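The values are calculated or read from the model by the stated rules, or taken from the named source; none is laboratory data. All values reported here derive from a predicted model rather than from experimental measurement. Using ideal geometry, Cβ is built from the backbone for each residue, glycine included, and neighbour counts are taken over all protein chains shown. Please note that ligands, DNA and RNA were not included when accessible areas were found on the heavy atoms of the full protein model with its side chains. Shrake-Rupley method; radii C 1.70, N 1.55, O 1.52, S 1.80 Å.
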Amino acid sequence: MPKTKQAVALQSEETNPFLMVQQQIDAICQKINISETCRVRIRECERELIVRFPVKMDDGHVELFTGYRIQHNDSRGPSKGGIRYHPDVTLDDTRALATLMTLKSAVVNIPYGGAKGAVACDPKKLSRNELERLTRRYASEISLIIGPERDIPAPDVGTNPQVMAWIMDTYSMNKGYSVLGVVTGKPLELGGSKGRFEATGRGCTICARLTSKHLGISLNGAKVVVQGFGNVGLTTAKLMANEGCRIIGVSDSRGGIYNPNGLDMESVIRHKNEAGSVIDFNGAENITNNELLGLECDILIPAAMEHQIHEGNADSVKTKIIVEGANGPTTTEAAHILREKRIFIVPDILANAGGVVVSYFEWVQGLQSFFWSEDEVNHQLQRVMDNAFHEVLEISQREKVDMGEAAYMLAIKRISDTMEARGIFP
Ligand code: NAD
């Protein structure tokens, strides 16, 4: 009998990320007079594919997995967005993440719509062979709707360049020829872009630097706390340390570590690679993730999962700046509390857009079969992030709204302008 890995299907209204994003879209559409037709289109996802597929496990039994590929909106170009492997991921999580991708691409003004994919599974419990079979089967299932001109996946939580390579290979085998542009975040030897792995963390670091300059805070010696020590968190912590910041706390899913004098990032990374977690690092105190979020610092970077800063802990946050490395790390209620505390928040759709920007560069390089130097990639990323940051800041100052609202205003206006120009078919 196949066992079923079912995602948790129900989420309460307060914790449903898709409802939260829809409420934000409704509020902004009203504020900037977006037409009713555009509002109802932007708050829903255009195409949703749910797949249930069997995978033969190493011991011979068969398990049934549930996966999704959601295309939120393709008015501005092909849909783009990562693939998440996580045991608790739901359809509404995936819808929310797809919607954020459309908004994010619009904020940084790249010609993409938004999408997201997910499989409810725990990749840490799968062998490499099981992970490959699961990925290839999921890739076959969603190949109905993905493609280099249609919808281009990338890594997210629980997936990595190797998973992207298997997706690219599976798609290519079904086509009969190699299709480099079907995914981004690929290994370098397979048409990946230099600088892609670090891109999201680099984008967060650029945002932290621009915000500090705007607020007149020196990065040299600034106290920084980073939650999450994966692709985004680890890279951001490393790059912020290179900027002269003092990284006083970092964490992963097993807990956090704290040293008020600063942590040596190279040693913490080595420890994480050897021990599988940052905890028990020699020369630091173990703390919980909740304690980490309450550490007094200049810059807090939540770079783990959604809703880590919520009504229950927002009041204990003691920072001047939050750079949202993760998608949706702050709930709506928490955002109100943080605003009252006059904390400057760089919202996720701007702060972590570096990943999709360099994914776009990778896609362009793959389509042209012409690859750029790392300096060129980083220079172009800096240019795009700098423009987007200043456009959002300008709206925030002109309209007297926070950066989060300003980013939504910029994105929704851009999306609705393309929808109005395209009109309605037929
Ligand atoms: P990852 O899987 O590489 O790392 C996630 C990290 O968070 C791990 O260290 C994990 O142990 C930790 N973590 C998980 N649950 C936690 C918890 N409850 N408390 C503390 N730590 C916890 O994932 P990633 O790619 O770094 O993504 C992190 C976030 O950034 C996600 O919200 C993702 O959607 C977002 N994001 C990622 C990219 C990208 O390019 N990878 C781009 C944009 C946004």
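For the stretch 68-94, what are the residues that are surrounded by fewer than 24 Cβ atoms within 10 Å (Cβ to Cβ) and assigned to a helix (DSSP H, G or I)?
Result: 91, 92.
Restricting to the stretch 95-118, name every residue that is out of contact with any His (no Cβ under 8 Å at 6 or more places or on another chain), away from the ligand (no atom under 14 Å from the Cβ) and either open to solvent by 10 Å² or more (accessible area, probe 1.4 Å) or part of a strand (DSSP E or B) (or both).
Within the stretch 95-118, 109, 111 meet the criteria.
Any idea which of 362, 285, 296 is modelled with pLDDT of 95 or more, acidic (Asp, Glu) and open to solvent by less than 40 Å² (accessible area, probe 1.4 Å)?
Details: 285 fails: open to solvent by less than 40 Å² (accessible area, probe 1.4 Å); 296 fails: open to solvent by less than 40 Å² (accessible area, probe 1.4 Å).
Going through 362, 285, 296 in turn, just one is modelled with pLDDT of 95 or more, acidic (Asp, Glu) and open to solvent by less than 40 Å² (accessible area, probe 1.4 Å): 362.
Is it the case, given these coordinates, that residue 35 is among the small types (Gly, Ala, Ser), surrounded by fewer than 16 Cβ atoms within 10 Å (Cβ to Cβ) and in the same structural domain as residue 146 (by TED's automatic domain parsing)?
Taking the combined requirement at face value, the residue satisfies it.
Please enumerate the residues belonging to the stretch 67-83 that are more than 16 Å from the ligand (Cβ to nearest atom), among the small types (Gly, Ala, Ser) and out of contact with any Pro (no Cβ under 9 Å at 6 or more places or on another chain).
Correct list: 67, 75.
Before we move on, is residue 346 outside the structural domain of residue 244 (by TED's automatic domain parsing), in contact (Cβ under 8 Å) with a residue 12 or more places away in the chain and closer than 22 Å to residue 407 by Cα?
no
So which of 233, 192, 249, 262 is modelled with pLDDT of 95 or more and at positive phi? Steps first, please.
Details: 233 fails: at positive phi; 192 fails: at positive phi; 249 fails: at positive phi.
None of the others qualify; the one that does is 262.
How many residues does the stretch 38-50 contain that are open to solvent by less than 40 Å² (accessible area, probe 1.4 Å) and either of a type outside the set (A, V, I, L, M, F, W, C) or not in a helix (DSSP H, G or I) (or both)?
Here the count works out to 2.
Look at the stretch 214-268 and say how many of its residues are among the polar types (S, T, N, Q), over 20 Å from residue 353 (Cα atoms) and within 12 Å of the ligand (Cβ to nearest atom).
The number of residues fulfilling the criteria is 2.
What helices (runs of 4 or more DSSP H), lying completely within the stretch 353-426, carry at least 2 residues that are β-branched (Val, Ile, Thr) and under 23 Å from residue 303 (Cβ atoms)?
354-368, 374-399
Would you point out the residue of the stretch 211-233, among those that are out of contact with any Gly (no Cβ under 6 Å at 6 or more places or on another chain) and within 25 Å of residue 185 (Cβ to Cβ), that is surrounded by the fewest Cβ atoms within 10 Å (Cβ to Cβ)?
The extreme case among them is 230.
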